[in-house]
Each structure stands twice: as structure tokens, then as C-alpha cells.
Amino acid sequence: MAGMTEHSTPADTPTAAPVLIACAHGTDNAQGRREIDAVRAGISALRPDLDVREAYVDVQEPDLVDVVASLPPGRAAVIVPLLLSVGYHVKVDIARAAASREGTVSALPLGPDPRLAHVLQQRLAEAGVADGDAVVLAAAGSSDACAAEDVAEVQAVLAELRTGPVRPGFGSKASPSVPAAVAAYREDPGTTPVALAPYLLAPGYFHDQLAKAGADVVSAPLLPSPVIAEIALSRYDDAVARASGVGTGKEAPCARACRALVSMCVRSGSVQQA
């Protein structure tokens, strides 16, 4: 079956851990596909006995809905979004897929996580960006207010790792745009060189567009990095613990500032409607 690892656990094993469905966006970029394949391989290498399956919400097959529907009856599963922020795919596509089958839950996306900021700083250093240079953290963008807050949290950690300024820029649906963020730096005659730090997992359309934004340097995406598989497993473990009730009581309301701006929240362990 597509996405099964050679270490997959038989479905009829009573103590089998929940299936981990590694759900990515999907891309036409060949390198991007290889990078996501490597993340799943990294997850399997860290947990050889875990049943890891691939799924996508767009562009590629197998489609998440089909993967969930194909799971063995009675086998628990966790959908782990290989996505950096909350947004439509997490709150709608993945949430609906999880709700469509008993015993299936969704984990949180990969970001925000401090480890991502450290990888971003590593990529900037690899690109020759000086520590004091101005940086635009370039994210894909979403109309969801909590997605922007996700980016802001990573931005804050990245800023702590650098002496130069760091501001966000978005590819679509949020402001400022990446070119506008670069231009804002250029308005200051004393501005140092401007670099773009792509808050993206892998190469693809948006990363290609960053070359047109007017920055002096564009660093590489987050992948390849073993950190992504590690975070994915952390999200899986958290979701398994929540589903089993380990260490949980009544979930507290989400305290993030964006909570009041959105109709659905995924940060309290279960989806909260306004």
C-alpha cells in the first residue's frame, strides 16, 4: 500500500501504536517532493516500528481523504500536518478528514517551534548573511490571524538569535508582502544588506518567486534538516497523549491574542468554535 513503511506494524496487533499519517501540502517541484519523502523516511528511522503513511491535501496523491478511508477498521491514527502554520488546510481539510473516522485525530502543525528559528539562522549563515544584516522572514501567508501569529512567534525567536532586525513578509493573503517588507528596509539609507529567510519547508513556486522580491540574498528553505522529522514526532506524541487522556484534564481556553479573531482554534488540544 502506498506510504507503508517496511517496518509497518500489523493492523490486528492489539498494542499497535496509532498510525502516523504524514500529511503534506503537495508540490509539482521534484526536489520538494524528494525533501518531503525524506522527512517521512526520517520519521521511520527514528521510530522503526511506527506505521507511517503519506498523504497530501493538494497537487499530489494519495489524497488525505482516501488515506484515512483506507485505514484498517479499529486502528487508531494521528494526522500530522507537515505544514508550518495553522490555516485552511489544518482547520478544514485535515480537521474534516480526522472527524470522518472514529479513532482518528489531528496533531498540531510543525510551527511555531523554536527549533525552526534555529534552522532558519543556520540557513542564513550558510548563505553568507552577516549577523547584523536585515532579514525578512518570508512566509507563504494565510488569511487566518493565527497563522500570522505563528509566524510572529518564530520571528521573535529568530530575532533573538541575530543582532540585525527581522521583520515578516508574506507571499499572499497577509501584509506586508515580501517585496513591501524589503522595500521598507530600503527606505532607510543606513540599512544594511537585506536577506530573505524563507519560512518554507522545501523548494517550490513561492521560493522561486522570492528571487524577484529585491533582496540581496535568499537563503535556502528549511529542508533538508533532521529537525523536521523530530518536530513531527513531537506533534504525534502530543496528539496520542491527548487522545488517551494522559496528563490532561479539562482543556483550558487558548490564551493567544489571535483567538478572538478566528472562529476556530486548534491550540487547546481540540477544535474550539467561537
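A few remarks follow.
- The set of residues in segment 163-181 being open to solvent by less than 20 Å² (accessible area, probe 1.4 Å) and part of a loop (DSSP other than H, G, I, E, B) consists of GLY164 alone.
- Inside segment 58-92, residues that are assigned to a helix (DSSP H, G or I), crowded, with 16+ Cβ neighbours inside 10 Å and not aliphatic (A, V, I, L, M) make up a count of 2.
- Residue check for ALA55: touching a residue at least 40 places away in the same chain (Cβ under 8 Å), under 30 Å from PRO168 (Cβ atoms) and among the aliphatic types (A, V, I, L, M): yes
- When SER106 is tested against the conditions (1) more than 24 Å from ALA147 (Cβ to Cβ); (2) surrounded by 20 or more Cβ atoms within 10 Å (Cβ to Cβ), the lone failure is (1).
- Restricting ALA95, ALA45, ALA99, ALA17 to residues that are without any contact (Cβ under 8 Å) to a residue 12 or more places away in the chain, aliphatic (A, V, I, L, M) and either open to solvent by 10 Å² or more (accessible area, probe 1.4 Å) or at positive phi (or both) narrows the list to ALA99.
- Tabulated pairs, segment 59-87, first on the phi > 0 side of the Ramachandran plot and without any contact (Cβ under 8 Å) to a residue 12 or more places away in the chain, second aliphatic (A, V, I, L, M) and assigned to a helix (DSSP H, G or I), C-beta under 9 angstrom, 6+ apart or interchain: none
- Qualifying residue in segment 135-150 (condition: in a strand (DSSP E or B), closer than 30 Å to PRO62 by Cα and without any contact (Cβ under 8 Å) to a residue 60 or more places away in the chain): no
- Considered as a group, the residues in segment 182-203 that are open to solvent by less than 10 Å² (accessible area, probe 1.4 Å) and either under 17 Å from ASP131 (Cβ atoms) or of a type in the set (Gly, Ala, Ser) (or both) include one that is farthest from the chain's Cα centre (by Cα), and that residue is VAL194.
The values are calculated or read from the model by the stated rules, or taken from the named source; none is laboratory data. Treat the numbers as computed from the prediction; the structure is a model and nothing was measured. Note that we place each Cβ from the backbone using ideal geometry, even for glycine, and neighbour counts take in every protein chain shown. The accessibility values were calculated without ligands, DNA or RNA, using every heavy atom of the protein model including side chains. Shrake-Rupley method; radii C 1.70, N 1.55, O 1.52, S 1.80 Å.
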